[in-house]
Amino acid sequence: MKRVMVLGGPGSGKSTLAVTLGRATGLPVIHMDKIHWQPGWVERSRPEKVRLVSEAEDREQWIIEGGLSVTYDNRAARADTVIWLDLPLPLRLFRVLKRRWRYRGGKTRPDLPDNCPERLDPAFLHWILFMGRQNREKIAKALDRAQHLTVYHLKSRRDVKAFLSSLTA
């Protein structure tokens, strides 16, 4: 593994897995939320996001975790490995609620830019609840177009634990 895509819906554990994988492999971790957002929850323009992802993809080694499906094909062309965290919606929703509680009081997660306190608004809940199927289809189509990739399609916490255990074996 030299260039790894970590994909999945909100609350699937992308950031946590990417950081763990980065520690185990020494690969640098790039969080898509730091590309998507600027401090204070200011969204970057799409062209700027695409440019920043392209710059990250050009590096020799990386773990890029997160979405921006418009970049999936380019990222997949450079990647050698994809880890798709395809966990059940109730588990992901629970994790998002737990994360909101953990980072309450204006705290910002380490995978976000400064001054982006954790929030849970109706638009994000809608995304979690209703956009998952569309997101899964985009991921599946991108993976179908990139046959050279080693794909780990992890569908449960048990799958994730087994994958991480295999790294240390």
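Only the coordinates and a few stated rules stand behind these numbers; no lab work does. Predicted model only: the values in this text are computed from it and were never measured. For neighbour counting, all protein chains shown are included, and Cβ atoms are generated from backbone atoms with ideal geometry for every residue, glycine included.
Would you calculate the separation in nanometres between label points at residue 140 and residue 94, each defined as 7 Å from the Cα along the Cα-to-beta-carbon direction?
Rounded to a tenth, the inter-label distance reads 2.5 nm.
Compute the relative contact order of region 3-168 as a whole-number percentage, counting only Cα pairs closer than 8 Å that sit 6 or more residues apart in sequence. Present the calculation step by step, with values, prior to reporting the outcome.
Details: 237 pairs, mean separation 54.7, N = 166.
Relative contact order here is 33 percent.
Compute log10 of I(q)/I(0) for region 3-168 with the Debye formula, placing one identical point scatterer on every Cα and leaving out solvent, at q = 0.15, 0.21 Å⁻¹, to two decimals.
-0.84, -1.73
Return the whole-Å distance between the Cα centroid of region 119-134 and the Cα centroid of region 36-105.
Using only Cα atoms to place each centre, the spacing works out to 15 Å.
Mind ranking 88-98, 59-69 by how tightly packed they are, going by the mean number of other C-beta atoms within 10 angstrom, highest first? Don't skip to the end; give the middle numbers.
Values: 88-98: 14.6, 59-69: 18.9.
Packing order, densest peptide first, comes out as 59-69, 88-98.
If Lys and Arg each add +1 and Asp and Glu each add -1, what is the summed charge of the other residues whose beta carbon sits under 14 Å from the beta carbon of residue 2?
Computed value for this residue: 0.
For residue 151 and residue 104, compute 0.36 nm times the residue count separating them, minus their Cα-Cα distance, and round to one decimal in nm.
13.4 nm
Sum up the charges of everything whose Cβ sits under 13 Å from the Cβ of residue 144, counting Lys and Arg as +1 and Asp and Glu as -1, but leave residue 144 out.
Details: positive: 136, 138, 141, 145; negative: 73, 137.
Net charge around residue 144: +2.
With all pairs of different alpha carbon atoms counted, what Kirkwood hydrodynamic radius in Å does region 29-126 show? Provide the component values of the computation, followed by the final result.
On the way: mean 1/r = 0.0670 Å⁻¹.
Taking the inverse mean of 1/r over all distinct Cα pairs, region 29-126 comes out at 14.9 Å.
Please tell me which of these pairs span more than 21 angstrom C-alpha to C-alpha: 14/141; 49/155; 14/107; 34/155; 14/155?
Values: 14/141 19 Å; 49/155 29 Å; 14/107 19 Å; 34/155 26 Å; 14/155 13 Å.
Beyond 21 Å: 49/155; 34/155.
Please list, in order along region 16-30, the HN-Hα scalar couplings obtained from phi with the Karplus expression 6.51 cos²θ - 1.76 cosθ + 1.60 (θ = phi - 60°), rounded to whole Hz, x for Gly and Pro.
4, 5, 4, 5, 4, 5, x, 5, 6, 9, x, 6, x, 9, 10
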